[in-house]
């Protein structure tokens, strides 16, 4: 299979995994409707950076290392789970806080970096993503991949991750979705916070279960 064909096959597979709902989708969705389009796009950039980090680590063999050192995998899952629980609590606590106007939120340029960091940390909170990338690369890369293919993969991963979440941000930051969110903000934030916390708890339980097995 030619290099372009391999890249297309990998991109198609990654798209299937990226669009699956999870904490990343939840965070970008909430930031987009609760703050502004700019903040949602900033979070999408963070997601792309996180995916690129995991893709690079997968190419370097992190997944194989985690499979050999169970305690390291457990520590990463515990840390990620605790972060998601903390984030869920933060979202829950802000459920009754009023939202700034779209213009005011967009004007807070300094907080765009914060949205990037939230996106990056949320993406990195789940070490299973590294295993996903490693599995895709192991299944689809040739035995001796050319250097051009290895160089092309990280930026393509960023484009897939950031591109998908940018679509989410653009869609949900439109006036109508924001209007719907404003009507149900307390309950919507509590639901989002609860789901985020449950996803974190699942990671922690996975870590505990792996240690016992």
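Coordinate-derived values only; no laboratory data. No experiment lies behind these values; they were computed from the predicted model shown. We place every Cβ from the backbone using ideal geometry, glycine too, and count neighbours over all the protein chains shown.
A Förster radius of 25 Å combined with the Cβ-Cβ distance from residue 20 to residue 82 puts the calculated FRET efficiency at roughly 0.65.
Just order 36-47, 125-136 by mean Cβ neighbour count inside 10 Å, highest at the front, would you?
Numbers: 36-47: 25.7, 125-136: 21.8.
Top to bottom by mean Cβ count within 10 Å: 36-47, 125-136.
Extension gain for the segment residue 96 to residue 60, taken as residue separation times 0.36 nm less the Cα-Cα distance, is 8.5 nm to one decimal.
Provide the packing ranking of 160-168, 26-34, i.e. peptides ordered by the mean count of other C-beta atoms within 10 Å per residue, highest first.
Values: 160-168: 22.0, 26-34: 25.4.
Answer by packing, highest mean first, reads 26-34, 160-168.
Ranked by the mean number of other Cβ atoms within 10 Å of their residues, highest first, the peptides 2-11, 169-178 come out as 169-178, 2-11.
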